[in-house]
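A.B. asks: The following block contains the structure, expressed as structure tokens.
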Amino acid sequence: MKKYDVVIIGSGIAGCLTGIVLAKHKLSVLLIDAGSHPKFAIGESTVGHTSEMIQLISERFDIPEIGYISSFRKIRDNVTKSCGVKRGFGFIYHNNKGEQLKDEVHQFVVPPLMHGLDSHMYRQDIDSFLFNTAIKYGADHMLNTKIDEIHFEEQSATITLENKTSISCDFVLDGSGYRSLISKKYNLRKESDELHTKSRSIFTHMIDVLPYDDCIPKKYHNMPLPWFQTTLHHMFDGGWMWVIPFNNHRQAVNNVCSVGLTLDIDKYPETGLSASEEFYKIIGKFPSIKKQFKKAKNIRDWVSTPRLQYLSSSSAGHRYFLLPHSAGFVDPLFSRGLAITMDGLFYLIPKILEAFETKDFSVEKFKSVDTIVKNSILCADELVHTSFKSFSDFRLWNAWIRLWAMAETGLDQLRILKAKLKFKNDKDDQHFKDLEDVLYPGFICPDSHTFYKLWKETRKVILDGLESGDIEKAEKQFFKLLNNSELNAPVVRMGDPRKKIFGGSVKKGLQAFYWGKQSPKEELKRYYDIKLSEILKLNFENRKEVSTKDL
């Protein structure tokens, strides 16, 4: 019977990335997958947090190949030209009359200071690259291989394959996702009552999807970015739609566009229609969306899912750990899935390396990461559930989206940047370990009580407003709470409901940074405890990364 240190079930982005690091650190690693590469995968749009955590994993473990997937240009120059660029988030709201009013939109320009522009990952190429890199660093693989049984003993685990071959290992990582083998074995999946979101999805890959910019009058929205170079979201009462083009830059070689509808099951119960019939029936309610797809053709079979949400009671067990996508999932909205995955790996991988050094594989060893992963999923559930509820009235959606923006593209970026700069100066891993020492592990902005309190209070205001029907009162209460929190620089105008464009201005960014450094509130001021010279240096170093001349 062949023996490995670690067996990783699944060779997707999480399994391969983990395999790369462990193999680089001289652990014997086996990747087992029921399929083979290249293969289709959902989770195609990065956000700033995702990109930064990928870069931190690369720097923490000194593996440049991982850093190659941390920004659009690094992917284009080192991996493949089949991916798209993401200069920002685009959110377009369509009301119940099917109208799209020009003021009912938002754009969040990606702040590329730390890592460069985000990307639309053509996952079959990204995952193949990571798989090949894992093999390069010494991992073994068994593709097109099904597992029959996993048996855990005190000192090891035994995996029996469908062909009755057995493999022994010290530790198992389950990256098999929704169909998690260990979750099934131990009945870890809890009833979904703990998750509020109830959504299902219809998706495919298409060609000949028109840029939304070509479907509306020129300068109709007067936005800083072309919608075609954002991850585009169409929002409506009861659901939302993603449009993720891979052909949205001058050097593009891939004319594919990822398209999907995600629907509130309570408002859009299953109809019995085929996936394509239901897709076109729904977008037919919205003239500008319908126009965007008038020439589109699917190049993959349509997929229609049951309820998307699932959650395991625990990720950590005797001699195993569930990788984040096996532990749980909420919804593709805000691309939180990949962000949760990279967060989880950043904290999990050092624990695995320590376990092999100390021979301590106890469940307690991995409990902190288990907490981070579970709380990340629960936080994503609150974010998405409140978003779905707010889609019924633009005033509420216009309010709630700001909480995500504040944390995702603001405070938490600064928290991570501080650790990154300290590590860059002295290579002391303690700076990264200190990121775990927070008030609310796994939360979207985990070390701020003020933000946590604001999140809970504003979420309640949104839900109470919907229940009472007094939307105007809820909107006023929301913005009063937001402005009273004093978490945002006045120049950002986050608390102004008329403000629909966020980010993109270096001048305003520096003004906000200076405001934060002068804050009398220690809880806020500590986020800005970074030398201005280091910020300016990052701007200079990333000037090519953030240039749009070749896009």
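A.B. asks: Give the aspartates and glutamates reachable from Lys198 as a straight Cα distance under 13 Å; neighbours fewer than 8 places away on the same chain don't count.
C.D. replies: List returned: Asp264, Asp266, Glu270, Asp331, Asp381, Glu382.
A.B. asks: On to the next question. Can you work out the PRE-style zone for Lys218? Point 7 Å along Cα to Cβ, and I want the residues of the stretch 78-105 with backbone N under 17 Å.
C.D. replies: Hits in the stretch 78-105 for Lys218 at 17 Å: none.
A.B. asks: Here's a follow-up. What is the angle, in °, between the Cα long axis of helix 336-358 and the longest principal axis of the Cα atoms in the chain? Nearest 10 is fine, range 0 to 90.
C.D. replies: The angle comes out near 30 degrees.
A.B. asks: On to the next question. Of the listed peptides 434-446, 85-97, 45-57, 217-229, what is their order by residue-averaged count of other C-beta atoms within 10 Å, with the highest listed first?
C.D. replies: On the way: 434-446: 18.3, 85-97: 22.3, 45-57: 24.9, 217-229: 15.8.
Per-residue Cβ counts within 10 Å, averaged per peptide and sorted highest first, yield 45-57, 85-97, 434-446, 217-229.
A.B. asks: Across the stretch 393-551, what fraction of all alpha-carbon pairs, as a whole percent, falls in each successive 10 Å bin from zero upward?
C.D. replies: Histogramming the stretch 393-551 at 10 Å steps yields 9, 35, 33, 17, 5, 0 percent.
A.B. asks: Right, something else. Give me Rg/Rg_expected for the stretch 264-361, where Rg uses Cα atoms only and Rg_expected = 2.2 N^0.38 Å with N residues. Write down the numbers at each step before the final one.
C.D. replies: Working: Rg = 20.2 Å, N = 98, 2.2 N^0.38 = 12.6 Å.
Working it through for the stretch 264-361, the quotient is 1.61.
A.B. asks: Just to be sure I understand: if I project the alpha-carbon convex hull of the stretch 198-304 onto a plane and average over all orientations, what area do I get in nm²? Mind dumping the intermediate values first?
C.D. replies: Working: hull surface 28.5 nm².
Value for the stretch 198-304: 7.1 nm².
A.B. asks: Continuing with the same structure: In debye to the nearest 20, how big a dipole does the chain give about its Cα centre with +1 on each Lys and Arg Cβ and -1 on each Asp and Glu Cβ? Walk me through the numbers before you get to the answer.
C.D. replies: On the way: 77 positive and 69 negative charges, 364 e Å.
For this selection, approximately 1740 debye.
A.B. asks: Please work out the Cα center distance from the stretch 458-490 to the stretch 342-364, rounded to the nearest Å.
C.D. replies: 41 Å
A.B. asks: Kirkwood Rh, the stretch 476-533, all Cα pairs: how many Å?
C.D. replies: On the way: mean 1/r = 0.0810 Å⁻¹.
Value: 12.3 Å, from the Cα pair sum.
A.B. asks: Which value at 222 nm does the chain reach when only helices count, each DSSP H run of 4 or more adding -39,500 (n - 2.57), with the total divided by all residues and rounded to the nearest 500 deg cm²/dmol? Before the final figure, lay out each step's value.
C.D. replies: Working: 20 runs with 217 residues, N = 551.
Theoretical 222 nm ellipticity from helices: -12000 deg cm²/dmol.
A.B. asks: Let me ask another. Could you sort out which of Lys389/Lys460; Lys26/Lys74; Lys24/Lys359; Lys374/Lys418 sit more than 23 Å apart by Cα distance in this structure?
C.D. replies: Beyond 23 Å between Cα atoms: Lys26/Lys74; Lys374/Lys418.
A.B. asks: For the stretch 20-27, what does the Karplus curve 6.51 cos²θ - 1.76 cosθ + 1.60, with θ = phi - 60°, yield as ³J(HN,Hα) per residue in whole Hz, taken in order and with x for Gly and Pro?
C.D. replies: Values, residue by residue: 4, 5, 5, 5, 4, 8, 6, 7 Hz.
A.B. asks: Restricting to Cα pairs below 8 Å that are 6+ residues apart, what does the relative contact order work out to for the stretch 1-123? Please round to a whole percent.
C.D. replies: Working: 176 pairs, mean separation 30.0, N = 123.
Dividing the mean separation by the residue count of the stretch 1-123 yields 24 percent.
A.B. asks: Next question. By per-residue mean of other Cβ atoms within 10 Å, what is the highest-first order of 418-425, 368-375, 11-18, 181-188?
C.D. replies: Numbers: 418-425: 15.9, 368-375: 22.4, 11-18: 27.6, 181-188: 17.9.
The packing order, highest mean first, is 11-18, 368-375, 181-188, 418-425.
A.B. asks: A follow-up question, please. Calculate the length of the line joining the C-alpha centroid of the stretch 43-94 to that of the stretch 369-436, in whole Å.
C.D. replies: Answer, in whole Å: 17.
A.B. asks: Could I ask something else about it? If you build the Cα gyration tensor of the chain and take the root of 5 times each eigenvalue, what three semi-axes come out, in whole angstrom, biggest first? Walk me through the intermediate numbers first.
C.D. replies: Working: eigenvalues 250, 158, 112 Å².
After diagonalising the Cα gyration tensor, the semi-axes are 35, 28, 24 Å.
A.B. asks: On to the next question. Provide Ile42, Ile289 in ascending order of the number of other Cβ atoms located within 10 Å of each residue's Cβ, fewest first.
C.D. replies: On the way: Ile42 18, Ile289 21.
Sorted ascending by nearby Cβ count, the order is Ile42, Ile289.
A.B. asks: Count charges around Lys500 for me, please; just the other residues with Cβ under 14 Å from its Cβ, Lys/Arg as +1, Asp/Glu as -1. Don't skip to the end; give the middle numbers.
C.D. replies: Values: positive: Lys102, Arg395, Arg402, Arg493, Arg498, Lys499; negative: Asp103, Glu104, Asp496.
Its environment carries a net charge of +3.
A.B. asks: Would you work out which of Leu421, Ala512, Asn488 lies farthest towards the positive end of the dipole of the stretch 393-551? Charges go on Cβ: Lys and Arg +1, Asp and Glu -1.
C.D. replies: Selected residue: Ala512.
A.B. asks: Can you give the three extents of the C-alpha atoms in the stretch 386-480 along their principal axes, from longest to shortest, in whole Å?
C.D. replies: Principal extents (largest minus smallest coordinate, Cα): 55, 22, 20 Å.
A.B. asks: Continuing with the same structure: For the stretch 1-67, rounded, prolate or oblate, judged on the Cα gyration tensor with a ≥ b ≥ c (square roots of eigenvalues), a/c < 1.5 rounded, else prolate if a/b > b/c? Intermediate values should be presented prior to the final figure.
C.D. replies: Numbers: a/c = 3.05, a/b = 1.26, b/c = 2.41.
Verdict is oblate for the stretch 1-67.
A.B. asks: Dividing the alpha-carbon radius of gyration of the stretch 84-166 by 2.2 N^0.38 Å (N being the number of residues), what value is obtained?
C.D. replies: Values: Rg = 23.3 Å, N = 83, 2.2 N^0.38 = 11.8 Å.
Normalised Rg, Cα atoms only: 1.97.
A.B. asks: Return the long-range amide H neighbours of Ser45 (sequence gap of 5 or more, or a different chain), with a cut-off of under 5 Å between placed amide H atoms.
C.D. replies: Those qualifying (amide H under 5 Å, at least 5 residues apart or on another chain) are Met121.
A.B. asks: Give me the compactness ratio for the stretch 314-461, meaning the Cα radius of gyration over 2.2 N^0.38 Å.
C.D. replies: Values: Rg = 16.7 Å, N = 148, 2.2 N^0.38 = 14.7 Å.
Here the Cα radius of gyration is 1.13 times the empirical estimate.
A.B. asks: Based on the Cα coordinates of the stretch 90-237, what is the per residue volume of their convex hull in Å³? If you can, show how the numbers build up before the last one.
C.D. replies: On the way: hull volume 33.3 nm³, N = 148.
Each residue corresponds to 225 Å³ of Cα convex hull volume.
A.B. asks: Of the cross-linked pairs Lys97/Lys473; Lys290/Lys480; Lys290/Lys456; Lys453/Lys544, which ones have a Cα-Cα span greater than 30 Å in the structure shown?
C.D. replies: Numbers: Lys97/Lys473 24 Å; Lys290/Lys480 38 Å; Lys290/Lys456 37 Å; Lys453/Lys544 39 Å.
Distance filter (> 30 Å) returns Lys290/Lys480; Lys290/Lys456; Lys453/Lys544.
A.B. asks: Moving to a separate point now. How large is the dipole of the stretch 198-304 about the Cα centre if only Lys and Arg carry +1 and Asp and Glu carry -1, each at its Cβ, rounded to the nearest 20 debye?
C.D. replies: Values: 14 positive and 10 negative charges, 74 e Å.
That gives a dipole near 360 debye.
A.B. asks: Over the chain, what is the relative contact order in whole percent, taking alpha-carbon pairs under 8 Å and six or more residues apart? Before the final figure, lay out each step's value.
C.D. replies: Numbers: 1020 pairs, mean separation 94.3, N = 551.
Averaging sequence separation for qualifying contacts and normalising by length gives 17 percent for the chain.
Just so you know, all these numbers are worked out from the coordinates, no wet-lab data involved. Keep in mind that this is a model prediction, so the values were computed, not measured. Don't worry about glycine lacking a Cβ; one is built from the backbone with ideal geometry, like all the others, and counts go over all protein chains shown.
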